[in-house]
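Read the structure below first, then the notes.
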């Protein structure tokens with residue numbers, strides 16, 4: 001960071017601040033007057049010895065000293081300009097930022113049941129699209145701890161709450177079908193997330209649940225889990241994925257190989273909406289890749305981390321070298337004017 005600070009003078013016990021702009025204006029006027037004076041003086045014959053005829057003088061060639069004598073004026077003007085800049089007190093500063101934030105703890109619950117193989121989000125299946133949108137969501141966060149729970153017939157923590165998003169994304173890439181026996185244990189997934197958030201010191205705790213089915217496994221009812229989340233001030237956002245109507249499911253046939261069958265989508269939207277409403281969250285329905293992306297963007301905006309930034313700038317003075325250079329040029333100009341470039345009279 002660079003700035004001109006001006007200087008302060010004390011007059012009759014009062015401190016007066018002279019801004020850099022005023023210093024520049026005054027010394028710029030001085031430099032301009034010096035240039036104009038030099039140009040005007042160059043047009044006037046300043047010699048004090050009179051000649052009856054100047055033809056011989058004009059025909060005589062100028063010496064090297066005479067040709068270079070104009071450098072004295074240049075040195076004087078440059079010296080005054082350097083001193084003007086020095087009086088404006090140029091300063092260079094190093095900016096330090098102290099960022100303080102109250103991070104949000106976010107648990108992502110991802111359904112990996114067989115129904116997520118449906119390819120209504122062509123050309124990929126629901127699980128692949130969900131993983132890609134979760135990656136985008138994670139990459140937008142900072143200073144928030146994020147964890148991942150996967151569920152099907154049962155539930156387990158794929159990645160605990162962490163600030164190392166690289167590790168989280170690595171664990172997310174490892175999520176695949178067949179990790180757990182087929183089923184949809186939404187209540188168990190919520191309970192697992194709540195358990196991870198139970199001892200969190202964060203003021204804001206959030207669960208983002210993504211599923212395409214109906215709770216049909218596990219020992220905990222989803223609404224019961226939502227009640228527990230409410231008592232612990234955990235907010236739940238629920239996302240139901242899948243297009244309305246039938247969806248194409250791939251089936252591995254031992255005889256004919258891979259083939260597709262149409263199966264109806266079964267999303268318990270009423271329960272998902274109740275879970276979200278009970279905890280102060282919101283229910284979303286994703287019928288396409290674009291809608292799913294918009295949903296994660298909206299959740300990202302709803303759950304923004306409060307950031308406080310304190311800036312500190314340490315300045316160092318740059319004027320001493322300018323003063324030394326200006327004074328050196330003035331001394332050199334006087335010395336050369338009285339020796340090498342001295343003129344008579």
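Structure summary
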| read-out | value |
| --- | --- |
| Residue 325 vs. criteria surrounded by 14 or more Cβ atoms within 10 Å (Cβ to Cβ), at pLDDT below 95 and part of a strand (DSSP E or B) | no |
| Selected residue (criterion: farthest from residue 155 (Cα to Cα)) from residues of segment 169-178 that are surrounded by 14 or more Cβ atoms within 10 Å (Cβ to Cβ) and in contact (Cβ under 8 Å) with a residue 24 or more places away in the chain | 169 |
| Filter result for residue 234 (crowded, with 22+ Cβ neighbours inside 10 Å, closer than 18 Å to residue 103 by Cα, in contact with a helix residue (DSSP H, G or I) (Cβ under 6 Å, 6 or more places away or on another chain) and in the same structural domain as residue 282 (by TED's automatic domain parsing)) | yes |
| Helices (runs of 4 or more DSSP H) (entirely within segment 165-266) containing at least 2 residues that are more than 38 Å from the chain's Cα centre (by Cα) | 222-231 |
| Cβ pairs under 9 Å, 6+ apart, first in segment 184-202 and free of Cβ contacts under 8 Å to residues at least 12 places away in the same chain, second surrounded by fewer than 18 Cβ atoms within 10 Å (Cβ to Cβ) | 195/157 |
| Residue count for segment 110-141, restricted to those that are without any contact (Cβ under 8 Å) to a residue 40 or more places away in the chain, under 21 Å from the mean Cα position of the chain (by Cα) and not in a helix (DSSP H, G or I) | 0 |
| Members of segment 194-217 found to be under 22 Å from residue 118 (Cβ atoms) and out of contact with any strand residue (DSSP E or B) (no Cβ under 6 Å at 6 or more places or on another chain), listed by number | 213, 214, 215, 216, 217 |
| Single match in 322, 292, 318, 301 (criterion: farther than 26 Å from residue 119 by Cα and touching a helix residue (DSSP H, G or I) at 6+ places or on another chain (Cβ under 8 Å)) | 322 |
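The values are calculated or read from the model by the stated rules, or taken from the named source; none is laboratory data. Everything numeric here is computed off the predicted structure, so don't read it as measured data. As a convention, Cβ positions derive from the backbone with ideal geometry for all residues, glycine included, and neighbour counts pool all protein chains shown.
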